[in-house]
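In what follows, a structure is listed as structure tokens, so that the remarks can point back to it.
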Amino acid sequence: MRIVIRTMCANLLRLVGLVAVLALIAVGCGGDGGSVAGEVDLSDATLTVGSKNFTEQLILGQITKLALEEAGAQVNDQIGLAGSVAARKALESGEIDLYWEYTGTGWITYLQHTKPIPGRQKQFEAVAEEDLKKNDVKWLSPPAPANNTFALVVRSEVYNDLGVKQLSDFNRLVRERPEEATICVDTEFATRDDGLPGVEEAYNFEFPNDNIKQIDIGLIPQSVDKGNLCNFGVMQATDGRIQALDLRLIEDDESFFPLYNPALNVRKDVMKEYPQIKEVFTPISEKLTTETLRKLNAKVDVEGQLEDQVAEDWLSENGFI
């Protein structure tokens, strides 16, 4: 009898040891419960995630979807809506529950202000307070430190020859060499108050109408680099192709463009029902620097990776999933 008991005890100890080892392996390999998002319980939530339709937004949309799924939520995918107006309307109408928006876009485009507020935190607080009051849109704090502001670029080969190193230099180029003042823009930038019309008004010049080429936003970097359609183009400052194509940024010497810090926008009623959303995305937002977004964007636009894989890899590397 004593032999049997000793054998049973030995087997039990070995079993306990094996369980302990497996638990350590699971923690070391990022198993269940080891991720930041996995520590939040959204298992009773069904949420629809949206985004706009350019690379950075597609990546942010996938980051949002994957993080919510890690927290247990059921996620409907509406990633890749046709631009800012479409994404905003979808949020306000309830078609989507959340997406990443930029403080400058919220302030100028949606709230109809003409002048940005200097300072990242002050601009964020102003847009967040007013948008919540007027439109029941909750901007999650903190905004990401990345600044995806608009930037005008030129290929490096003609940077010195054309002499446009600051936006104020366009005044001279348009006046003296109008045939060289060609620019590629997307449809949205061509009409926004914080886009081309605002730049021309702030810097007191106008591109000749025939020199403004409206093309798909994804084709602008290559068009500028080749120079056969336009010498200048609009891009986001976080675009990884700026460095990859050796394009030169033109300085916004009058600080016309607002700060465009990304922040997750959530409808007020959704946020009230699922306040845990903030726990999921606060640490994610804090990690999204300008350099981080440039690298993530470059993985898609330069290396040809898929947005969902880039998002998953980054979330996993940083312990979020």
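What follows is calculated from the coordinates using simple rules that are stated; it is not laboratory data. Bear in mind the structure is a predicted one, so any value in this text is a computation, not a measurement. Neighbour counts run over all protein chains shown; Cβ positions are idealised from the backbone, glycine included.
With a Förster radius of 30 Å applied to the C-beta separation of Glu279 and Leu111, the computed FRET efficiency comes to 0.60. Gain on full extension, evaluated as 0.36 nm per residue between Ala190 and Lys134 minus their Cα-Cα distance, stands at 17.5 nm.
Mind giving me the FRET efficiency for Asp269 and Asp313? R0 is 25 Å, r the Cβ-Cβ distance, nearest 0.05 is fine. Walk me through the intermediate numbers first.
Values: r = 33 Å, r/R0 = 1.33.
After rounding to 0.05, the efficiency reads 0.15.
Based on Cβ point charges of +1 for Lys and Arg and -1 for Asp and Glu, what charge dipole magnitude is obtained for the stretch 206-321 about its Cα centre, in debye rounded to the nearest 20? Write out the running numbers ahead of the final one.
Values: 12 positive and 22 negative charges, 47 e Å.
Here the stretch 206-321 has a charge dipole of around 220 debye.
Taking only the Cα atoms of the stretch 150-249, the radius of gyration and Dmax are 12.1, 33 Å. Sorting 207-218, 290-301 by their mean Cβ neighbour count within 10 Å, with the most densely packed peptide first, gives 290-301, 207-218. Take every pair of alpha-carbon atoms less than 8 Å apart whose residues are at least six positions apart; their mean separation over the length of the stretch 224-321 yields a relative contact order of 36 percent.
Counting other beta carbons within 10 Å of each residue's own, what order do Thr187, Thr109 fall into, fewest first?
Working: Thr187 13, Thr109 19.
So the ranking, lowest neighbour count to highest, is Thr187, Thr109.
Taking the longest Cα principal axis of the chain as reference, the axis of helix 307-317 is set at about 50 degrees. Amide H to amide H distances under 5 Å link Asn76 with Leu47, Thr48, Val49, where only residues 5 or more positions off or on other chains count and H is placed in the peptide plane. Against the set (1) 6, 24, 27, 20, 14, 7, 2, 0; (2) 6, 24, 29, 19, 10, 5, 3, 2, 1, 0, 0; (3) 6, 29, 34, 20, 8, 2, 0, the structure's computed P(r) over Cα pairs in 10 Å bins from 0, in percent falls on (2).
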